[in-house]
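Note sheet for the following structure.
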Amino acid sequence: MANFEVITQSTVNVVITSSISSFAVEKRYPKNISIGELKGKLELVTGASARSMILEVYDREKEFVCALTNDNTLLGSFPIDDGMRIHVNDSQLKKGEFEDVSKVAKFELSQEDYSKRSDSVKAFLERNRLGKYNEEEVKKKAEEQEAKETEEEKISNSLQVNQRCEVTVPGQACRRGAIKFIGKTNFKSGWWIGIHYDEPVGKNDGSVEGTRYFTCPMRYGAFVKPAHVNMGDFPELFDEEMDEM
């Protein structure tokens with residue numbers, strides 16, 4: 001009589017759920033570990049106690065298959081296949097006990113104590129004179145920003161509301177429209193020019209983050225920096241002209 005050898009995979013992929021948490025995780029375990037060893041691993045996954053947990057196996061259709069009893073029995077001795085679920089029951093713990101972060105003690109450090117630490121991000125920045133702790137760099141950036149805004153204000157003062165204009169933003173097609181707003185905004189620092197485009201190539205209707213600066217149809221409005229706006233007697237671009245650009 002011929003001899004037959006049945007070979008099965010050495011591991012099994014299962015979904016782990018528990019009676020004390022709402023989440024599920026997928027894990028792979030070797031079939032040659034004992035149920036006792038498996039409980040030790042599941043203790044780390046679920047937070048349940050290995051001494052009090054009861055393990056139940058369910059198939060893909062959520063039908064009960066078996067209970068994993070006898071800590072000395074190997075996992076592979078039970079009819080468990082890939083995709084099945086091992087549910088961990090622990091009556092000694094309440095559901096959600098480890099998910100309530102309000103019970104976790106928070107570590108708080110006063111600003112005074114934080115300033116005294118030598119291993120903090122603040123201490124590192126101070127030692128290396130980086131960011132706001134580099135007075136020369138901070139002063140330089142402030143001067144550059146002031147000069148930039150002065151130049152923007154100068155250009156802005158040369159523009160007029162309701163005048164035709166052409167907008168040339170680097171990396172974008174040339175666009176035409178009318179100037180509808182000149183000034184500073186709440187959404188970003190510096191000077192901005194609000195444009196009512198001739199075509200729906202904008203990003204808004206003249207309002208940004210709940211503040212209205214001018215009114216136009218949706219997607220006909222945009223805000224650009226003064227340096228990109230050239231005021232003049234620019235007629236509207238017809239489709240034929242747009243195709244040639």
For the stretch 170-180, state whether one or more residues are among the hydrophobic types (A, V, I, L, M, F, W, C), assigned to a loop (DSSP other than H, G, I, E, B) and touching a residue at least 12 places away in the same chain (Cβ under 8 Å). yes
Condition first: surrounded by fewer than 17 Cβ atoms within 10 Å (Cβ to Cβ), in contact with a strand residue (DSSP E or B) (Cβ under 8 Å, 6 or more places away or on another chain) and not small (Gly, Ala, Ser). Now tell me which residues in the stretch 169-214 satisfy that. VAL169, CYS174, LYS184, THR185, ASN186, PHE187, GLU199, VAL201, LYS203, ASP205
Which one is least open to solvent (accessible area, probe 1.4 Å), of the residues in the stretch 144-167 that are modelled with pLDDT of 95 or more and β-branched (Val, Ile, Thr)? VAL167
Kindly establish whether ILE33 is open to solvent by less than 80 Å² (accessible area, probe 1.4 Å), modelled with pLDDT of 95 or more, out of contact with any Pro (no Cβ under 9 Å at 6 or more places or on another chain) and under 23 Å from SER10 (Cβ atoms). no
Does LYS132 meet the test of being modelled with pLDDT of 80 or more, part of a helix (DSSP H, G or I) and open to solvent by 70 Å² or more (accessible area, probe 1.4 Å)? no
Residue check, PRO217 against (1) open to solvent by 30 Å² or more (accessible area, probe 1.4 Å); (2) modelled with pLDDT of 95 or more; (3) assigned to a loop (DSSP other than H, G, I, E, B); (4) closer than 27 Å to GLU153 by Cβ, all met but one. Which one? (4)
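Could you grab me the full set of residues in the stretch 20-55 that are aromatic (Phe, Trp, Tyr) and touching a helix residue (DSSP H, G or I) at 6+ places or on another chain (Cβ under 7 Å)?
We begin by selecting, within the stretch 20-55, every residue aromatic (Phe, Trp, Tyr); these are 23, 29.
Within the stretch 20-55, just TYR29 meets the criteria.
The values are calculated or read from the model by the stated rules, or taken from the named source; none is laboratory data. All of these numbers come straight from a predicted model, not from anything done at the bench. Positions of Cβ are generated from backbone atoms using ideal geometry, with glycine treated the same way; all protein chains shown enter the neighbour counts. What goes into the accessible areas is simple: the full protein's heavy atoms, side chains included, and nothing from ligands, DNA or RNA. Shrake-Rupley method; radii C 1.70, N 1.55, O 1.52, S 1.80 Å.
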